[in-house]
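Participant: To start, I am sharing the structure in question, which I have written as structure tokens.
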Amino acid sequence: MTTSPIDIQPDEHGRFGEYGGRYAPEVLMPALLEVERAWRELRTDDAFWTELNTLRRDYAGRPTPLYRADRLSEHIGATVWVKREDLMHTGSHKLNNVLGQCLLARRLGKPRVIAETGAGQHGVATATGAARFGLDCVVYMGAVDMERQALNVFRMEMLGTKVVGVESGSRTLKDAINEAFRDWVANVEDTHYVIGSVVGPHPFPWMVKELQRVVGDEAREQMLAQAGKLPETVVACVGGGSNAIGIFSGFVGIDGVRLVGVEPGGLGLATEEHGASVSAGSDGVLHGARTRILQAPDGLIREAHSVSAGLDYPGSGPEHAYLRASGLAEYASVTDEEALEAFHTFSRLEGIVPALEAAHAIAWLLRERPSGDVILMLSGRGDKDVETVKNLASQDAPDGRPS
Ligand SMILES: *Cc1c(COP(=O)(O)O)cnc(C)c1O
């Protein structure tokens with residue numbers, strides 16, 4: 001049996017099969033080509049990896065443990081191994097990507113970084129990296145999200161970042177991304193755009209994947225060392241798709257390992273109130289890449305809905321579209337209600353409050369009860385969600401929707 005995953009790489013146009021590519025306005029092309037050139041250099045540069053690996057270890061807290069969750073295991077009748085990205089500095093996998101891109105900004109000689117954020121997690125990670133590297137930082141955030149995540153706005157400001165509210169469109173993540181692209185076009189001379197997931201035009205889906213694959217590489221080694229075998233199943237939640245791609249990349253294409261991406265089913269796939277773009281969307285172009293997106297018949301991008309702000313995005317990265325089309329991974333969804341229940345169940349069984357995003361992967365385990373050894377990607381911790389969950393519980397919302 002092979003224990004090495006396939007190393008999935010995009011072609012020279014940034015395509016994963018028929019997905020990906022670079023659908024960007026002419027004015028952005030020089031910047032995208034510059035980032036691609038710099039990334040091609042960095043990824044084969046030993047000094048870059050030495051510096052990044054030292055930061056990962058001493059600053060961010062890698063490797064994160066692989067924890068055998070005995071009470072959850074007993075509950076579902078499998079052996080569940082939890083990859084603890086909740087223990088990373090800033091509380092999620094996001095910093096894996098940000099540290100790499102801050103080093104890239106420095107290599108490009110750019111003193112300013114910008115980012116978009118929905119729940120605020122990528123904004124906080126970028127504000128953290130910017131402080132660490134002495135970079136100016138502006139984070140774009142939908143006005144609605146700023147209200148929902150007021151504490152994260154304050155956290156970013158404390159770290160020296162300027163948070164700009166976006167009042168256009170639905171005033172959420174998709175609009176914040178549009179605004180960040182606008183800023184980048186205007187300030188490309190001195191600014192690097194730190195995209196927060198495996199989305200956007202080439203080379204971002206590729207670069208962010210390569211920065212997140214440390215999670216999957218670690219997990220594979222830990223699994224072999226601790227369990228003496230590979231898992232039968234690997235499960236992760238999918239928003240833009242970076243935490244899932246990170247863990248999947250350690251196992252993709254290995255015989256007998258099933259990869260499952262769990263998307264936000266919101267109020268149910270029969271309604272329009274969900275964010276399941278890979279499993280229930282269709283092919284189209286969003287934010288510079290051809291991928292699976294939520295769109296109306298006329299091509300207009302639909303609003304996503306999820307109880308979890310970090311999954312509330314109407315598309316997913318092109319590599320996920322490719323993994324689905326090629327049968328290398330499968331995609332499912334769970335509802336807001338199932339995710340909330342899993343949030344409580346996991347907290348009580350394991351003494352770990354999961355991020356609401358990661359609770360989607362847990363909910364899939366609770367519902368499907370796969371047998372054998374399972375790796376559960378715990379993308380982040382749930383401290384940020386405690387208030388949301390408390391408000392939902394106290395307002396008796398029959399549709400499970402945060403007001
Ligand atoms: C941002 C975030 C996600 C969703 O983003 P992906 O790119 O799909 O990983 C999931 N979990 C946590 C904890 C997050 O902060």
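Just so you know, all these numbers are worked out from the coordinates, no wet-lab data involved. All values derive from a computational prediction rather than experimental measurement. Cβ sites come from the backbone with ideal geometry, for glycine too, and all protein chains shown count toward neighbours.
Participant: At a Förster radius of 22 Å, what calculated FRET efficiency corresponds to the Cβ-Cβ distance of Ser282 and Thr3, to the nearest 0.05?
Facilitator: The pair Ser282/Thr3 has a calculated efficiency of 0.05.
Participant: A follow-up question, please. For the chain, what proportion of DSSP beta bridges, expressed in % and rounded to the nearest 5, is antiparallel?
Facilitator: In the chain, approximately 30 percent of DSSP beta bridges are antiparallel ones.
Participant: Something else: Name the longest site-free stretch of the chain, where the excluded sites are GluC sites (Glu not before Pro) in a DSSP loop with no more than 11 other beta-carbon atoms within 10 Å.
Facilitator: Answer from the scan: 190-403.
Participant: Given springs between every Cα pair under 10 Å in a Gaussian network model of the chain, which of Gly21, Gly77, Gly216 has the largest fluctuation?
Facilitator: Of the options given, Gly77 has the highest mean-square fluctuation.
Participant: How long is the gain from Glu18 to Ala296 if the chain were fully straight, where each residue apart is worth 0.36 nm and the alpha carbon distance is subtracted?
Facilitator: Contour length minus the Cα-Cα distance gives 98.0 nm.
Participant: What does the C-alpha gyration tensor say about the overall shape of the chain? Classify as rounded when a/c is under 1.5, otherwise prolate if a/b is larger than b/c, or oblate.
Facilitator: Rounded is the answer for the chain, as its axis ratio a/c remains below 1.5.
Participant: Can you give the FRET efficiency for Ala227 and Asn53, using 1/(1 + (r/R0)^6), R0 = 22 Å, r = Cβ-Cβ distance, to the nearest 0.05?
Facilitator: Efficiency, from the Cβ-Cβ distance: 0.35.
Participant: So what is the calculated 222 nm ellipticity per residue for the chain, using -39500 (n - 2.57) for each DSSP H run with n of 4 or more, over all residues, to the nearest 500 deg cm²/dmol?
Facilitator: Helix-only estimate at 222 nm: -12500 deg cm²/dmol.
Participant: If a/c stays under 1.5 just call it rounded; otherwise compare a/b with b/c (prolate if a/b is bigger, oblate if not). Do that for the range 84-209, with a ≥ b ≥ c from the square roots of the Cα gyration tensor eigenvalues.
Facilitator: rounded
Participant: Assign one of three labels to the range 1-136, namely rounded, prolate or oblate, based on the Cα gyration tensor with a ≥ b ≥ c the square roots of its eigenvalues; rounded applies when a/c is under 1.5, prolate when it is not and a/b is larger than b/c, and oblate otherwise.
Facilitator: prolate
Participant: Related question: Nearest 0.05, what FRET efficiency do Arg182 and Lys162 give at R0 = 22 Å with Cβ-Cβ as r?
Facilitator: Plugging the Cβ-Cβ distance into 1/(1 + (r/R0)^6) gives 0.90.
Participant: Below 24 Å, Cα to Cα, which lysines can Lys174 reach? Residues fewer than 8 away in the same chain don't count.
Facilitator: Qualifying lysines at Cα under 24 Å: Lys94, Lys162, Lys209, Lys384.
Participant: Sticking with this structure for a sec: Using a 10 Å cut-off around each Cβ, can you sort His93, His192, His75 from fewest to most neighbouring Cβ atoms?
Facilitator: So the residues, fewest neighbours to most, are His75, His192, His93.
Participant: Continuing with the same structure: Sort Thr388, Thr161 by Cβ crowding within 10 Å, fewest neighbours at the top.
Facilitator: Thr388, Thr161
Participant: Also: How many angstrom separate the Cα center of the range 1-75 from the Cα center of the range 127-178?
Facilitator: Spelled out, the Cα-based centre of one part sits 24 Å from the other.
Participant: What is the Cα centroid distance between the range 300-339 and the range 229-269, reported in whole angstrom?
Facilitator: 11 Å
Participant: Still on this model: Can you put Ser92, Ser282, Ser316 in order, fewest other beta carbons within 10 Å first?
Facilitator: Taking fewest neighbouring Cβ atoms as first place, the list is Ser282, Ser92, Ser316.
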